[in-house]
């Protein structure tokens with residue numbers, strides 16, 4: 001078995017170095033698979049080059065470094081998959097560090113469950129400057145499940161994923177470049193694979209740690225992210241529909257958002273005297289609905305702008 005560990009990076013050389021150090025420390029058990037590491041630099045200025053030129057993979061591992069100079073996360077991920085030759089593809093982000101048994105846990109659950117896609121938790125790591133209300137609010141924590149639990153595309157993602165390579169080869173892309181600057185391309189890919197009958201399960205022991213930048217641990221950044229998520233959700237839900245099915249689906253989702261928006265705002269106001277963190281959770285929910293309501297407008301929030 002050959003496993004391709006794919007990492008896409010964009011202007012995060014210091015964090016990428018920590019990710020690669022964590023990958024090099026992976027423990028693979030008594031009967032280890034063959035491993036190759038593939039890194040795609042999505043920065044036109046090639047900021048990852050010094051890190052990748054200095055990094056040495058463990059003995060026996062393959063290593064590829066390629067450039068995808070047009071800032072678009074879907075293009076970068078497609079390049080990574082295109083260069084991968086493994087039977088399985090493991091994905092991790094460039095601001096994360098996997099635990100030593102991360103890959104071993106993913107492969108172990110795959111063998112015991114027969115699943116085609118396995119996701120694991122991303123555990124936030126905060127800097128000392130992070131406000132206490134952000135820590136207490138647990139805004140960067142993900143919902144976790146018992147290992148082996150079937151999940152949906154909204155409950156996992158490419159930030160911690162093991163996927164059968166043959167599944168990805170069935171899809172065009174496999175990541176949709178239309179969503180490469182707004183986000184949502186990973187959810188779209190996972191949903192399509194689930195529609196084709198491939199099994200997607202959770203592995204709670206396969207942990208990666210994510211460094212939460214100080215500039216992200218702010219109300220402003222989280223609100224912008226929530227707005228983008230709302231827009232991307234609607235667009236990904238209707239992107240392959242036409243005519244009456246498109247109108248029916250879009251109308252239902254946007255109508256539901258119109259109802260949920262004022263309810264969320266009222267709940268935010270109700271919680272404000274008691275808990276800033278709980279109130280802000282409902283503010284974020286309201287902003288997601290606002291993003292949904294504006295999803296079909298000419299204005300689209302671009303998160304991956306290349307800046």
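Values quoted throughout were computed directly from the atomic coordinates according to the rules given, and no laboratory measurement underlies them. Everything numeric here is computed off the predicted structure, so don't read it as measured data. Cβ sites come from the backbone with ideal geometry, for glycine too, and all protein chains shown count toward neighbours.
By how many nm would the segment from residue 299 to residue 66 lengthen if fully extended, with 0.36 nm per residue of separation less the alpha-carbon distance?
80.6 nm
What is the angle, in °, between the Cα long axis of helix 276-293 and the longest principal axis of the Cα atoms in the chain? Nearest 10 is fine, range 0 to 90.
With both axes taken from Cα atoms, the answer is about 90 degrees.
Output the 0 to 90 degree angle, nearest 10, between the alpha-carbon long axis of helix 243-271 and the longest principal axis computed from the alpha carbons of the chain.
Compared with the principal axis, the helix lies near 80 degrees.
Sort the following peptides by mean Cβ neighbour count (other Cβ atoms within 10 Å, averaged over residues), highest first: 204-211, 186-193.
Taking the mean over residues of other Cβ atoms within 10 Å, the ranking is 186-193, 204-211.
Using a ≥ b ≥ c from the Cα gyration tensor of the range 157-218 (square roots of the eigenvalues), is it rounded, prolate or oblate, where a/c under 1.5 gives rounded and otherwise the larger of a/b and b/c decides, a/b for prolate?
Since a/c reaches 1.5 but b/c is at least a/b, the shape of the range 157-218 is classed as oblate.
Counting only DSSP beta bridges with both residues in the chain, tell me the antiparallel percent, nearest 5.
Expressed as a percentage, antiparallel bridges in the chain total about 30.
Helix 219-238 versus the longest principal axis of the chain: what angle, 0 to 90°, nearest 10, using Cα atoms?
Approximately 90 degrees, to the nearest 10.
Quote the FRET efficiency, to the nearest 0.05, computed for residue 263 versus residue 219 with a Förster distance R0 of 30 Å and r equal to the Cβ-Cβ distance.
For R0 = 30 Å, the calculated efficiency reads 0.90.
How many angstrom separate the Cα center of the range 13-33 from the Cα center of the range 187-238?
23
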